[in-house]
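We did not get these values from a lab; they are worked out from the coordinates using the rules stated. Note that the structure is predicted; figures quoted are calculated from it, not measured. Here Cβ is always computed from backbone atoms with ideal geometry, including for glycine, and neighbour counts include all displayed protein chains.
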Amino acid sequence: MLPQCVFLSFTSIPGSLSAMRFITAVDMTQPQFLEPVSRELWMRIWSRDEDITQPESILAAAGEAGLPSALAQKLLAMTSTPEVKNRLKATTEEALKYGAFGMPALVAHVNGESHLFFGSDRLELLGNVIGEKWLGPVPAASKPRM
């Protein structure tokens, strides 16, 4: 299944269904690109206020994430297939079972327990639960200026 932390980031953005289906197709066939594509779409909508609803925007995000153009086109075509639609529907239903109610909502599965986090201001807490140090939304850019 598509990780809830990826899926739930986009669930309430108007017109984000295409992006959610694209991420689902990536997860189903090219999981090594799941994180970079998800990060690029996240940055587009939440940090740069850029579109993620149109095919050309999704393809541009995929390219920035390192996904080859021909492969990105193939994945975009997959977004209208019953397999992708059903997988996304199942992921949505699973997220709701964990109590997801808005976005971004993240579910971490650690040591047999599920932990729901709501809001991007909870990412530091998520890092603590999964044993990772939170370095900020753009770790490479987190350099103090004095």
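Across all directions, the shadow cast by the convex hull of segment 4-97 built on its C-alpha atoms averages 5.3 square nanometres. Each other residue within a Cβ distance under 15 Å of Thr53 adds +1 if Lys or Arg and -1 if Asp or Glu, for a net charge of -2.
Compared with the direct C-alpha span, the chain from Asn111 to Glu64 gains 13.5 nm at full extension, assuming 0.36 nm per residue. Each Cα pair under 8 Å and six or more residues apart adds its sequence gap; the mean of these over the residue count of segment 4-97 is a relative contact order of 34 percent.
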